[in-house]
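Below is one structure, written out as structure tokens, with a few remarks after it.
The values are calculated or read from the model by the stated rules, or taken from the named source; none is laboratory data. Computed from a predicted structure; not experimentally measured. Note that we place each Cβ from the backbone using ideal geometry, even for glycine, and neighbour counts take in every protein chain shown. Side chains included, ligands, DNA and RNA excluded: accessible areas come from the protein's heavy atoms. Shrake-Rupley method; radii C 1.70, N 1.55, O 1.52, S 1.80 Å.
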Amino acid sequence: RFVNTEFFAAWIEEITAAVRAGRDHLTELDAAIGDADHGTNLDRGFTAVGEALAAAPPRTPGALLVLVGTTLIRKVGGASGPLYGTAFREMGKAFGEAPEISPAELSAGVDAALAGVRRLGSAAEGDKTMVDALAPAAAALSRAVRDGLKPEEALEAAATAAAEGARATVPLQARKGRASYLGPRSVGHEDPGAASTALVFGALRAAASRG
Amino acid sequence: RFVNTEFFAAWIEEITAAVRAGRDHLTELDAAIGDADHGTNLDRGFTAVGEALAAAPPRTPGALLVLVGTTLIRKVGGASGPLYGTAFREMGKAFGEAPEISPAELSAGVDAALAGVRRLGSAAEGDKTMVDALAPAAAALSRAVRDGLKPEEALEAAATAAAEGARATVPLQARKGRASYLGPRSVGHEDPGAASTALVFGALRAAASRG
Amino acid sequence: MKKLINSAGSLVSDALRGMAAAHPSLRVDLENAVVFRAEGARPGKVGLVSGGGSGHEPLHAGFVGHGMLDAACPGEVFTSPVPDQLVEATKGVDGGAGVLHIVKNYTGDVLNFEMAAELSGDEGVEVATVLVNDDVAVRDSLYTAGRRGTGATLFVEKIAGALAETGAPLAEVARVAREVNERSRSFGVALTPCTVPAAGKPTFELGETEIELGIGIHGEPGRSRAAMGEAREIARVAVDAIGDDLPPSGETLVMVNGMGGTPLIELYVVFAEVEAYLREKGATVVRSLVGNYVTSLDMQGFMVTTCALTGELTRLWDSPVETPALRWGR
Amino acid sequence: MKKLINSAGSLVSDALRGMAAAHPSLRVDLENAVVFRAEGARPGKVGLVSGGGSGHEPLHAGFVGHGMLDAACPGEVFTSPVPDQLVEATKGVDGGAGVLHIVKNYTGDVLNFEMAAELSGDEGVEVATVLVNDDVAVRDSLYTAGRRGTGATLFVEKIAGALAETGAPLAEVARVAREVNERSRSFGVALTPCTVPAAGKPTFELGETEIELGIGIHGEPGRSRAAMGEAREIARVAVDAIGDDLPPSGETLVMVNGMGGTPLIELYVVFAEVEAYLREKGATVVRSLVGNYVTSLDMQGFMVTTCALTGELTRLWDSPVETPALRWGR
Ligand SMILES: Nc1ncnc2c1ncn2[C@@H]1O[C@H](COP(=O)(O)OP(=O)(O)O)[C@@H](O)[C@H]1O
Ligand SMILES: Nc1ncnc2c1ncn2[C@@H]1O[C@H](COP(=O)(O)OP(=O)(O)O)[C@@H](O)[C@H]1O
Ligand SMILES: [Mg+2]
Ligand SMILES: [Mg+2]
Ligand SMILES: [Mg+2]
Ligand SMILES: [Mg+2]
């Protein structure tokens, strides 16, 4: 099954709602090992994204995600603004002008997002960043598509992998971002960016189960 | 019975001990309606008084009290420094060069102290200041002497009057000193300077019962 | 209580050591606890001496220098200095033209300065005194110790200091100092109490949604308690309290002063509201200060101080000043 | 949480309105959230742009003016500014001689400035970047995002700003900026956490007798927790941490910087101890700053920043500067 612009708009709506609902939790996670703004940052960003999409609704999935990414870069600031912004932009660019996106293309788009985040932040898996949720999600999605799973199952697998990846950051010592300043004291806390990435993939599953 | 320099030195010792023991309480009273320093101020002052008396022990009651007063003025600051300093100085000056002081002279000395405080601070009774303890103590002492009471009884009467005067400041609204800034909110608290004056007269009774 | 101190008893002298080390422009007499200008008294220039309890930094020692004070006498925390200290300062700054004592109107300050003035007179120094009493929160002056001296102290010190620098005689310097005080008003608001180190605990308690209105600068509670609101509302309460006493008009100098524990970003928010509201009421803010100038230890809150300027006062305000905490024009 | 704000969302723009009203020497672009010098770009002069999250006031906007920055970009509280904002500032200050970006080393700041530099380059502005990373509390730079930029930012802004004022070329200004950073070290201590307005509660919890050692300027906990001690002991911990990395020697510039909620009198106590200990270790404090310059909202605590001076750096430090928060020589 192919998905269209509407699907991606629904995804963004789901993310926006999840971020709004999870804002205080994300900020608390960030207070423990960062600077207490991650929830506020993303909430501000996706509010702006909603306005941007409403002002000039894009025609293609690619254009939509590029606009989402650009808006995040323009409005969020901090580490997560450029990183999430780049992720959405790279995914959008991978989709090109295509009006509909196949599961394989979606998977390739998530891979592009991961590559963009990796390039910009130069974090490896295990550094206790959003990469620890994004990388397993990308891998799970790609595996599911290769194995011919149904789209819903594939997205379920990606969401589960992202959530597990986020949870798995708890025992890690941070090596990137602000949490790295804490050294061993960063151990025992979930990475806020990984937690928000889990919300992003949970929202993808939710968007799929909408239609 | 006449009292000598030793008696007044004992009085100062008793005051010093009472102020030390009551310091935090006095400061708390001052925190409620002033600036939280009355106990610290007097403690600092009487510590300096002890040093000054030890360095050059005065020969007469008058010289001793003038030195006490001068030291308080030099070391305390705030409102209570000049006021208590003047009180002791005026009392000392009233005693002149006399080596021994009669009950009537003692009473006149306390009257001089009261007059000095009144002149300097221009507070009337009922303004919720140290005058509300000092004035009734002076009056009680003078009455007791006139009525021919024994010195111990006279000092007991003065101490009781000072303590009652201090307690009676609780319902008053302050019209002098910092507490006056609070207006009606000064009602319901004991005046710290009246409370310390009660300690001073309690110490006088204690000094008398020593010998 | 956590404080960056060695002990409550040594706080003032330790801080004076720090000032001495930090500011070569000052000469700190540690024994007498007096902060002088390094260059000493200038013959023919009126000397300006101010002082008061510590805990209000940078007031007063931070304002010693060209164009402002000649000497400052810090007392113990929230306790006025003692006469000896003030006499030492007064004698030290006398250049033969007399000395102006700038005294905030508190019983303790008044009494100690009075004694010092008398003693200095005995030693042949001519002393004039200006009493600062700008705080409109204290209304009923017949039945109180009168209005407190707060933020306007800085204005008086700056403007009288500028005039003294020109070689003006003592009477003139005292006149302008009094004029500044008469044209100035203050009103303060606390979000939290402060903690006097020797006392070891907060001077009062305030709930999570309560504020104190009409506070002074000694951690004392204010005239009343109110519910916390937006900066805009609280700023208006302060400006209204000032305006009830002296309606704002004309060219105005405004200070939004932090009480010590409030971040500068919040003081700018308050200033934005104060300036807009004064404009709405017909006054024009032509000069301003935003920052921590007359503080109350770690208290959170602010004080608004206004001064209705004249041409002369504006000129003197603009004159060069070079002190640790206020500096422009050279 | 009690804050003098209208709302957490409007805090930064409300404060910018306040800055605009308070400082005629600044031009505040409220739409883009950029603070410029009122007089605009000077042809032939290298432009200096700095920026970062808000909550560190007076850094950076308080340092815009003659002899220091040409523009500052405040982000949301503790959140780096966005590329658009930085591009606007960069274009606005370019006088044809290129622009220096002064960036504190945080992932967010680095990424956003990088993007802005690229975009500005596309629009024909030559940009050089200096990364400030003076905080010795972060040790292991291979396995972290590297050292944080803290107090030295002020030194870099002041000294590079002074050189830019002389008309020096971009490469020279960048060189001196890097040199200042290389010669500077910082170490911070917190007595209390701070409260980010949008978060509404303190960033961490500390007991009545605990302090955090090795903190940054974003309310993050430090490297370790320790027992509260005397100012002398704590000051020595900070100086030792700096000295372990760069042994103090020679003529030294020292800042004892308050984190926003600590009274100035305590900072002077700390400075006295820092100065004495550095002297004991063989360094001479020849220039100093004591006050709240690089803050962390309402946090109580301090940071020591040292810079091993050279003749050139001292001369540039002494050059005139005229900004809202740092001013001398004119
Ligand atoms: N170098 C990096 N690579 C990937 N992700 C990163 C990197 N640095 C930080 N992050 C992510 O960004 C999150 C923090 O985002 P946010 O709090 O919004 O920004 P900031 O750290 O600037 O306050 C971290 O939890 C982490 O997941
Ligand atoms: N004008 C006055 N006349 C008499 N006593 C006064 C006057 N003003 C203040 N006092 C006394 O001084 C006390 C406060 O002393 P203290 O706290 O040491 O000084 P300060 O008020 O300067 O902090 C008050 O409780 C009051 O009893
Ligand atoms: Mg963060
Ligand atoms: Mg008191
Ligand atoms: Mg006092
Ligand atoms: Mg941040």
Share of carbon and sulfur in the accessible heavy-atom surface of chain B [1.4 Å probe, %]: 55 percent
Which positions within segment A:75-102 get 40 Å² or more of their accessible surface covered by the other protein chains, compared to the chain by itself, with a 1.4 angstrom probe? A:Gly78, A:Pro82
What are the GluC sites (Glu not before Pro) within segment C:21-93 that DSSP puts in a loop, where the Cβ has at most 13 other Cβ atoms within 10 Å? C:Glu31, C:Glu39
Assume the label is 7 Å from Cα along Cα to beta carbon: what separations in nm does A:Glu125 have to the matching positions in the other copies? 9.0
List the relative contact order of chain D as a percent without decimals, with contacts defined as Cα pairs under 8 Å and 6+ residues apart. 18 percent
Cα-based helix-to-principal-axis angle, C:264-280 vs chain C, degrees rounded to 10: 80 degrees
List the pairs from D:Lys3/D:Lys201; C:Lys104/C:Lys158; C:Lys45/C:Lys91; D:Lys104/D:Lys201; A:Lys128/D:Lys201 whose alpha-carbon separation is above 19 Å, in the order I gave them. D:Lys104/D:Lys201; A:Lys128/D:Lys201
Please say if chain D is rounded, prolate or oblate, where rounded means a/c under 1.5 for a ≥ b ≥ c the square roots of the C-alpha gyration tensor eigenvalues, and otherwise the choice is prolate for a/b larger than b/c and oblate otherwise? oblate
The set of residues whose placed amide H lies less than 5 Å from the amide H of D:Leu289, leaving out same-chain residues fewer than 5 positions away, is D:Val254, D:Met255, D:Val256
Partner chain Cβ atoms within 10 Å, averaged over the residues of C:5-16 - can you pull that number for me? 5
State, in square angstrom and to the nearest 100, the accessible area buried between chains D and C, both chains counted, probe radius 1.4 Å. 4700 Å²
Under 11 Å, Cβ to Cβ, from A:Pro151 - net charge with Lys/Arg +1 and Asp/Glu -1: 0
Looking only at chain D, where both bridge partners belong to it, what percent of the DSSP beta bridges are antiparallel (to the nearest 5)? 55 percent
Ignoring ligands, DNA and RNA, the residues of segment C:234-267 whose accessible area with a 1.4 Å probe is reduced by 40 Å² or more relative to the chain alone are C:Pro263, C:Leu264, C:Ile265, C:Glu266
Taking the Cβ-Cβ separation of D:Glu280 and D:Glu208 as r and a Förster radius of 35 Å, what is the calculated FRET efficiency to the nearest 0.05? 0.65
Rolling a 1.4 angstrom probe over the protein heavy atoms, how many square angstrom per residue are accessible across segment C:11-182? 29 Å²
Checked segment C:222-330 against the a/c 1.5 cut and the a/b vs b/c comparison, axes a ≥ b ≥ c from its Cα gyration tensor; verdict oblate
For chain B: relative contact order, % (alpha-carbon pairs under 8 angstrom, 6 or more apart): 23 percent
Could you report the buried accessible area between B and C, both sides summed, computed with a 1.4 Å probe and given in Å² to the nearest 100? 2600 Å²
Which FRET efficiency value, to the nearest 0.05, do you get for B:Ala98 and C:Ser10 by plugging their Cβ-Cβ distance into 1/(1 + (r/R0)^6) with R0 = 51 Å? 0.80
GluC sites (Glu not before Pro) in segment D:223-330 lying in a DSSP loop, each with at most 13 other Cβ atoms within 10 Å of its Cβ, come to none
Within the protein assembly as shown, percent of DSSP bridges classed antiparallel, to nearest 5: 55 percent
Alpha carbon centre of segment D:168-239 versus segment B:29-91: separation in Å? 44 Å
Measure off, as a whole percent, the carbon and sulfur share of the 1.4 Å-probe accessible area of segment C:11-182, all protein chains present. 50 percent
Using Cα-Cα distances under 8 Å and only pairs 6 or more residues apart, what relative contact order does segment D:184-309 have, in percent? 36 percent
Just to be sure I understand the interface: list residues from segment B:2-36 that lose 10 Å² or more of accessible area between the chain on its own and the complete protein assembly, 1.4 Å probe. B:Thr27, B:Glu28, B:Ala31, B:Ala32, B:Gly34, B:Asp35, B:Ala36
Can you tally the net charge around D:Gly47? Count Lys and Arg as +1, Asp and Glu as -1, for every other residue whose Cβ sits under 9 Å from the Cβ of D:Gly47. 0
Put the label 7 Å from Cα along Cα→Cβ for D:Glu208; what are its distances to the other copies, in nanometres, shortest first? 2.0
Taking segment B:62-117, which GluC sites (Glu not before Pro) meet the DSSP loop condition and have no more than 10 other C-beta atoms within 10 Å? B:Glu97
Can you list, shortest first and in nm, the gaps between the label point of B:Lys93 and those of its counterparts in the other copies, using a point 7 Å from Cα in the C-beta direction? 9.1
For C:Ala38 and D:Ala171, extending 7 Å from Cα along the Cα-Cβ vector and measuring point to point gives, in nm, a value of 3.9 nm
Result for segment C:184-309: accessible area per residue, probe 1.4 angstrom, in square angstrom, of 29 Å²
Quick one: of the DSSP bridges fully inside segment D:13-151, what percent are antiparallel, nearest 5? 25 percent
Calculated FRET efficiency for the pair C:Ala227/A:Arg143, C-beta based, R₀ 56 Å, to 0.05: 0.45
